[in-house]
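The values are calculated or read from the model by the stated rules, or taken from the named source; none is laboratory data. Small disclaimer: the values here were computed from a predicted structure and weren't measured. Note that we place each Cβ from the backbone using ideal geometry, even for glycine, and neighbour counts take in every protein chain shown.
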Amino acid sequence: MHRLPPFKKLILLVFTGFLLLRPVAGAAEPVLVAAASSLRFALAELVQGFEAETGLQVVPVYGSSGNFARQIRQGAPFQVFLSADETYVRDLAAEGLTRDAGVRYAVGRLVLAVPAGGALRVDGELADVASAISDGRLQRFAIANPDHAPYGVRAREVLQARGLWPAIGPKLVLGENVGQAAQFVFSGNAQGGLLAYALVLAPDAPEGITYALIPEDLHAPLGQRMVLLEKAGPVAEAFYGYMKGPEAAAVLERYGFAVPDAGE
């Protein structure tokens, strides 16, 4: 398995971004939101809408949900956690690090994506991926790191369900999160990959990307859960409420997420 060099510790980026975005004296400090990488483009719209509606500022920081859970345990100054895996939120709640058990805000989907001009044929059952492993066409295939990225865990489940996991191992390029895995595919540095549906629907996804939805019965559900953390203040509470509203639901659905009924 090829593992690219890890990014600088995300916690350093969090504090750097926090300092750069720190408002003038006397103004309210921005609220740091830990957000799964699958939300990068949808959440950018949501933050813009929230700030336009309320005049309040929130600062999203993107990464893998597993890394965020670890950083929250270490005292990172997040006030809201938007996880791509409900387990991380429930574990933090059991440890007393959240206000409550949170709510499910979305259900994600996986796609097989291939860059423009790629040799792989896209199909949700990965038939040509299997053929490309056998005939030597496939050399680099991107997924998020299943050690801490929920979309990586589900990608591994798909590859296992199709009987491809052992054979594809030497071809894998692991992204620190699903956003980095998408960049490998979008740039052509990987011949294909299993990515978040929301990322291939992004307005600035490269032209020519082809993709196919992965059948949901090939992996466990990608239930995504959000929660207020111990440090949450009034601005965080307002943003959390906005994320449960109809405006947020409409944006999430446009990016391919299923939005559950309120209170799930």
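Helices (runs of 4 or more DSSP H) fully within the range 155-264 that include at least 3 residues being assigned by TED's automatic domain parsing to the domain that holds residue 74: 234-243, 246-254.
Here 121, 70, 140, 154 are screened, and the one residue that is under 29 Å from residue 231 (Cβ atoms), of a type outside the set (Gly, Ala, Ser) and either in contact with a helix residue (DSSP H, G or I) (Cβ under 7 Å, 6 or more places away or on another chain) or modelled with pLDDT of 95 or more (or both) is 70. What single numbered condition from (1) touching a Gly at 6+ places or on another chain (Cβ under 6 Å); (2) basic (Lys, Arg); (3) closer than 22 Å to residue 186 by Cα fails to hold for residue 104? Residue 104 satisfies all of (1) touching a Gly at 6+ places or on another chain (Cβ under 6 Å); (2) basic (Lys, Arg); (3) closer than 22 Å to residue 186 by Cα except (3). Here the condition is being over 22 Å from the mean Cα position of the chain (by Cα) and either surrounded by fewer than 22 Cβ atoms within 10 Å (Cβ to Cβ) or within 17 Å of residue 233 (Cα to Cα) (or both); of 104, 99, 90, it holds for 99 alone.
Under the condition of being assigned to a loop (DSSP other than H, G, I, E, B) and hydrophobic (A, V, I, L, M, F, W, C), which residue from the range 128-153 is surrounded by the most Cβ atoms within 10 Å (Cβ to Cβ)?
Residues of the range 128-153 that are assigned to a loop (DSSP other than H, G, I, E, B), as a first pass: 136-140, 145-149.
From the residues that got through so far, the ones that are hydrophobic (A, V, I, L, M, F, W, C) too are 138, 149.
On the way: 138: 22, 149: 30.
For the range 128-153, the residue satisfying everything is 149.
Would you confirm whether any residue within the range 49-56 is over 15 Å from the mean Cα position of the chain (by Cα), polar (S, T, N, Q) and either surrounded by 22 or more Cβ atoms within 10 Å (Cβ to Cβ) or not in a loop (DSSP other than H, G, I, E, B) (or both)? Yes, the conditions are met somewhere in the range 49-56.
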